[in-house]
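Trainee: Below is one structure. I have some questions about it.
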Amino acid sequence: MSVPAFKNSRSRVRRRRSHQALKKTDSSNCLKCDSPILPHRACTSCGYYKNRQVVGGMESVEKAIDKKTKKSREVKSVKEGEGGAKLKKEKKSK
């Protein structure tokens with residue numbers, strides 16, 4: 001393994017690392033309900049994206065979020081060894 005010939009100064013190291021800083025994410029407001037949203041994502045409160053309804057209304061958005069969190073909890077419980085038999089029975093019955 002080679003050894004560096006000279007020590008890098010603080011300024012040289014800091015100049016090199018200047019591009020590693022975190023950038024602030026831009027957020028805009030939904031055109032329908034005026035709630036803050038991330039770019040290129042559907043609104044979590046009304047379900048609209050580019051003035052078009054992608055997810056059906058607020059109730060279905062909440063259901064989709066609940067379903068996603070429920071599924072992630074099930075996956076975590078299976079990984080931890082809890083309720084593995086319960087999921088196998090549900091899959092067999094379907």
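The values are calculated or read from the model by the stated rules, or taken from the named source; none is laboratory data. Since we're looking at a predicted model, the values are computed, not measured.
Trainee: Can you confirm whether region 6-26 contains a residue that is aromatic (F, W, Y) and at pLDDT 90 or above? Give the derivation first.
Mentor: The initial filter retains those residues of region 6-26 that are aromatic (F, W, Y), namely 6.
Add one more test, that the residue is at pLDDT 90 or above, and what stays is 6.
Yes, the conditions are met somewhere in region 6-26.
Trainee: Could you tell me how many of the residues in region 1-50 are within 31 Å of the chain's Cα centre (by Cα), at negative phi, part of a loop (DSSP other than H, G, I, E, B) and not acidic (D, E)?
Mentor: 19
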